[in-house]
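Shown next, in structure tokens, is the structure this report addresses.
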Amino acid sequence: MRAFVWDEGQPVRTLADTLGVSPTTFYAMLRLAIRALMWVHRRKESVEALNDRLGDVQERLARVEQAYAVAQEKA
């Protein structure tokens with residue numbers, strides 16, 4: 001955690017004590033959090049692509065619904 005401060009900073013043990021967890025538990029939670037952030041970063045591109053595809057599908061659905069409504073009026 002000292003890497004994220006300008007000066008010496010507090011040791012991680014102090015942060016664990018402040019949070020009321022053991023340093024071992026804190027390190028394990030920190031490792032899991034960093035792993036999760038790395039996973040999200042790697043998957044971000046695929047999520048954006050899925051989001052783009054979802055937008056395309058929503059646009060197509062709106063056009064089909066509009067065409068269906070027009071066809072119903074003519075019938």
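Just so it is clear, none of the values below were taken in a lab; they were calculated from the coordinates. On a predicted model such as this, the values are computed, not experimentally measured, just so you know. FYI the Cβ positions are ideal-geometry reconstructions off the backbone, even for glycines, and counts take in every protein chain you see.
For the range 2-74, a Kirkwood radius taken over Cα pairs fed into Stokes-Einstein (20 °C, viscosity 1.002 mPa s) yields D = 126 µm²/s. On C-alpha positions alone, give me the angle between the axis of helix 23-74 and the longest principal axis of the chain, in degrees, nearest 10. Helix 23-74 and the main axis of the chain meet at about 10 degrees.
Per-residue ellipticity at 222 nm computed for the chain from its helices equals -29000 deg cm²/dmol, with DSSP H segments shorter than 4 residues left out and the rest contributing -39,500 (n - 2.57). Treating r as the C-beta distance of Val12 and Val57 and R0 as 30 Å, the FRET efficiency rounds to 0.05.
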